[in-house]
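Have a look at the structure below, then the notes.
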Amino acid sequence: MLFALHIEVAYKLVGMAPAAFFEYATGLSHMNYRRGRGYTAFMAKREKVEADADSLLLRMLQKRGVPGAEFRGFKDDIPQGHSAIMLYGLDLLNEHTSTATRELVAQFDASDKLLWYLPDTDVPGFLNEIGPLSQLGPAYCTPLAVADIRDPSLELKLELTEPERTALKLVLNRRANMALSFLAAVDHEIGHSIGRTGVPDAFAGLPRFAVLLAPPGPANRRRHSPADPVARLVDFIGAFGYFSREGSLPERPLSIEEMGAQVDLSGIRLGEGDRFLRSLRSGKAPLIRKSFRTLVHTQLWTPKAKTSDLDTQADLLETYLVAAHMFSLLLPNHPTALGHMDRTGWREAYLGWWERHRHRYPPPAPSTGPLPPAWLIDP
């Protein structure tokens with residue numbers, strides 16, 4: 001369920017092809033994936049797959065500089081489960097983490113584990129857990145008022161019976177609700193974390209990840225500008241860099257030329273800053289962790305900036321990268337605009353989950369500065 005989505009986000013971050021990552025993450029041959037037998041092999045060797053997935057996520061944490069002693073005691077020190085590991089990887093699972101966030105990820109991991117170990121023949125148990133009788137409650141099986149949800153079975157070319165297709169739609173809806181809820185909790189947790197530092201926060205009390213979800217454009221539009229989650233993230237990082245230099249957020253998204261000039265000025269990436277930005281916004285070049293860090297370094301660069309400080313900012317902003325990829329794995333392709341996503345209803349669906357969780361977190365300290373411009377909070 002949500003575990004599978006976390007794994008998909010992980011391969012987006014490292015930039016591996018799905019088949020190669022399937023083998024890397026599960027320990028099963030990539031040919032199972034290429035021949036459309038990935039799900040069958042996955043379910044037949046669930047315990048091995050789970051062990052390999054745990055190992056993969058832990059290796060990813062180690063590459064990010066988790067100290068050896070902490071890494072060795074990792075699984076003994078935090079709640080088990082893939083949502084907990086993802087939260088830990090974002091440096092949001094520690095002694096300060098709110099009870100609301102801890103309880104939510106524990107519930108998600110418990111539900112995933114229950115489904116993981118259900119016998120294939122236990123259809124009633126499966127339907128109970130993805131329906132209103134689930135331990136997560138009926139809210140997670142409420143149909144989302146969106147145009148559609150991305151269906152990975154189409155990309156894998158799985159041949160499903162009609163009952164299997166019906167069950168898959170229920171699963172995708174349930175998983176999408178879980179993903180939106182998870183990101184909403186992370187969103188609140190970020191505010192909770194910033195609030196403890198006393199640092200001025202322009203987004204205090206506002207849904208941060210909503211900046212990644214622009215409303216859909218007019219239905220009769222012939223040309224569509226990039227405005228899907230990754231494109232919006234690139235725009236946001238440009239705005240964040242502008243804020244770090246000028247002390248205020250820009251009243252409109254910076255142009256490719258303005259952001260490209262900042263790339264060239266930084267000297268971090270030699271030449272063709274415009275092309276670098278344009279390829280990221282359009283999706284032609286995947287926004288993996290490495291290119292994201294380059295983006296952050298170039299946009300936040302000043303003559304006095306230290307590399308260590310830029311690294312810290314990139315680490316803090318990586319939550320937005322994870323959110324952008326998770327949203328992108330949920331949004332379906334646009335029915336008529338090739339290379340774009342159908343964003344209909346997704347912003348409202350996310351804001352709904354953000355509101356559901358708000359009462360469980362301490363009220364944020366009021367922002368001491370002006371509100372962010374409309375294009376970031378109310379596009």
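The values are calculated or read from the model by the stated rules, or taken from the named source; none is laboratory data. Predicted, not measured: the structure shown is a model, and the values here were computed from it. Every residue, glycine among them, receives a Cβ derived from its backbone with ideal geometry; neighbour counts consider all protein chains shown. We work out accessible area using only protein heavy atoms, side chains counted, and drop any ligands, DNA or RNA first. Shrake-Rupley method; radii C 1.70, N 1.55, O 1.52, S 1.80 Å.
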### Query
Looking only at residues in region 305-349 that are in contact (Cβ under 8 Å) with a residue 24 or more places away in the chain and charged (D, E, K, R), which one is surrounded by the most Cβ atoms within 10 Å (Cβ to Cβ)?
Arg343
### Summary
Sole miss for Ile190 among (1) open to solvent by less than 10 Å² (accessible area, probe 1.4 Å); (2) touching a Lys or Arg at 6+ places or on another chain (Cβ under 7 Å) is condition (1)
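Scan Ser328, Ser308 and give me the residue that is within 19 Å of the chain's Cα centre (by Cα), on the phi < 0 side of the Ramachandran plot and assigned to a helix (DSSP H, G or I). Walk me through it before giving the result.
Details: Ser308 fails: within 19 Å of the chain's Cα centre (by Cα).
Step by step, each of Ser328, Ser308 is checked, and only Ser328 is within 19 Å of the chain's Cα centre (by Cα), on the phi < 0 side of the Ramachandran plot and assigned to a helix (DSSP H, G or I).
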### Query
If you take the residues of region 259-271 that are surrounded by 14 or more Cβ atoms within 10 Å (Cβ to Cβ) and not hydrophobic (A, V, I, L, M, F, W, C), which of them is farthest from Ala305 (Cα to Cα)?
Gly260
### Task
Being in a loop (DSSP other than H, G, I, E, B) and touching a Pro at 6+ places or on another chain (Cβ under 9 Å) is the filter here, so list the residues in region 267-301 that pass it.
Gly283
#### Entry: Selection from region 88-109 of residues that are open to solvent by less than 20 Å² (accessible area, probe 1.4 Å) and of a type in the set (Phe, Trp, Tyr)
Phe108
### Task
Would you please list the contacts, defined by Cβ atoms under 6 Å and residues six or more apart or on different chains, that run from a residue in region 170-194 that is over 16 Å from Asp91 (Cα atoms) to a residue that is of a type in the set (Val, Ile, Thr)?
Leu170/Ile130; Val171/Ile130; Leu172/Ile149; Arg174/Ile130; Ala176/Ile149
### Query
Could you list, in sequence order, the residues of region 169-187 that are out of contact with any Pro (no Cβ under 9 Å at 6 or more places or on another chain) and either open to solvent by 10 Å² or more (accessible area, probe 1.4 Å) or under 19 Å from Ser98 (Cβ atoms) (or both)?
Lys169, Leu170, Val171, Arg175, Met178, Leu180, Ser181, Phe182, Leu183, Ala185, Val186
### Message
Cβ contacts < 6 Å: first residue open to solvent by less than 60 Å² (accessible area, probe 1.4 Å), restricted to region 240-255; second residue assigned to a loop (DSSP other than H, G, I, E, B), any location; separation 6+ or different chain. Result?
### Response
Leu249/Pro372; Leu249/Pro373
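Can you tell me which of Ala365, Ala337, Ala323 is within 27 Å of Arg222 (Cβ to Cβ) and either touching a Leu at 6+ places or on another chain (Cβ under 9 Å) or not polar (S, T, N, Q) (or both)?
Numbers: Ala365 fails: within 27 Å of Arg222 (Cβ to Cβ); Ala323 fails: within 27 Å of Arg222 (Cβ to Cβ).
One residue alone meets the criteria, Ala337.
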### Query
Name the pairs whose Cβ atoms lie under 7 Å apart, with the first residue in region 280-304 and within 10 Å of Gly241 (Cβ to Cβ) and modelled with pLDDT under 95, the second open to solvent by 60 Å² or more (accessible area, probe 1.4 Å) and part of a helix (DSSP H, G or I), and 6 or more positions between them or separate chains?
Thr302/Arg245
